[in-house]
Each structure stands twice: as structure tokens, then as C-alpha cells.
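*Asks:* My questions all concern the structure below.
Every read-out reported here was derived from the displayed coordinates using simple, explicitly stated rules and does not represent laboratory data. What you see is a predicted model, and the numbers here were worked out from it, not measured in a lab. Because the Cβ atoms are built from the backbone with ideal geometry, glycine has one as well, and the counts that use them run over all protein chains shown.
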Amino acid sequence: MLVILFFSCDSDKIRKNITTENDIPLLNKNSYIVIYNFYGKHRCPSCIAIEENTIKLLNSLYSNYLKDSIIIQKSINIELPQNASIAEKYQVYGSGLYICNFNKGKESVINLTAEGFKFALRKPEMFAKVFTSKIDSLLKKLNYE
């Protein structure tokens, strides 16, 4: 029974707060990155690993960018009514990892969900390589390197 609880997809231990689309700060910056970890009520170990690895990498490698709101990480429960519009915008119906680049009023989206499921749980070093290469490339394009 303990194992079932440990791997439960209902785990909230890695989320410090439940966030909504409206929690994203209005920025005075022309260019920034928002990383969305979308999830539902029932979460598998891979879903949890994607979010844990994302937060760990951001905190360890990009803390200054987080502090300056150049990178923003949000965990969004798509099952909450207040998050319906963002789930619809990105056409998310389950767990997902999206990197959204906002540059001078234009948005581009990188969907890393498949890579997250492929690597985050069993090969976190590969997940880190894919994730950081995308973030580093975006920061360079935004002239934040």
C-alpha cells in the first residue's frame, strides 16, 4: 500500500502552489520564456518526473533568469475550470511540457511532452540535455545569454 501511495498520480508534494493562467505576471519585458507543466488530477510517475526534473534544472541552472522573470515556470492543473482557456489555447488534454517563447509580442511554442515521457523518469540526463539545449537556444535568440 505504501508503494501505491508513493507513486500516486495525485501527489502534490512537488507543487508549492496550484497555479492558474492568471498567475503569470504582467511583464514589462519584450522577451521572456514561460514553461508550462500541464497536469491532471491523476498523475503517473513519468508525469511527476517531468515536473520534478524541469523544476530542478530551472532552479540549478537558470535561477537568475527565474529571479528576473526572464524565465517563468508554471504548473497548471488543466482540470480546474479557471484553466480551461489555457488548456484550450495549447490544446492540452493531459500532461504536457510546453516552452513558450514570447518575443516582441509574438509567441512560439516548443512541445517537449514526448521527450519528457521518453527520458524524464528513466534517463534524466537525456531529459536535461534536451531541455537545456532548448532553453539555451531560446535565451540566445532573446539576447539573454
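*Asks:* What percent do you get for the relative contact order of region 58-145 when only Cα pairs under 8 Å and 6+ apart count?
*Replies:* Numbers: 52 pairs, mean separation 11.7, N = 88.
Reported as a whole number, the value is 13 percent.
*Asks:* Only Lys, Arg, Asp and Glu count, each charged at its Cβ (+1, +1, -1, -1), so figure out the dipole size of region 27-141 about its Cα centre, rounded to 20 debye.
*Replies:* Dipole size: approximately 240 debye.
*Asks:* What does the highest-first list of 69-82, 103-116 look like by mean Cβ count within 10 Å?
*Replies:* Going by the mean number of other Cβ atoms within 10 Å, highest first, we get 69-82, 103-116.
*Asks:* Another question, then. Using θ = phi - 60° and the Karplus curve 6.51 cos²θ - 1.76 cosθ + 1.60, what whole-Hz ³J(HN,Hα) does each residue of region 43-60 get, with Gly and Pro shown as x?
*Replies:* With the stated coefficients, region 43-60 comes to 10, 8, x, 5, 4, 5, 5, 4, 5, 4, 5, 4, 5, 4, 5, 4, 5, 8 Hz.
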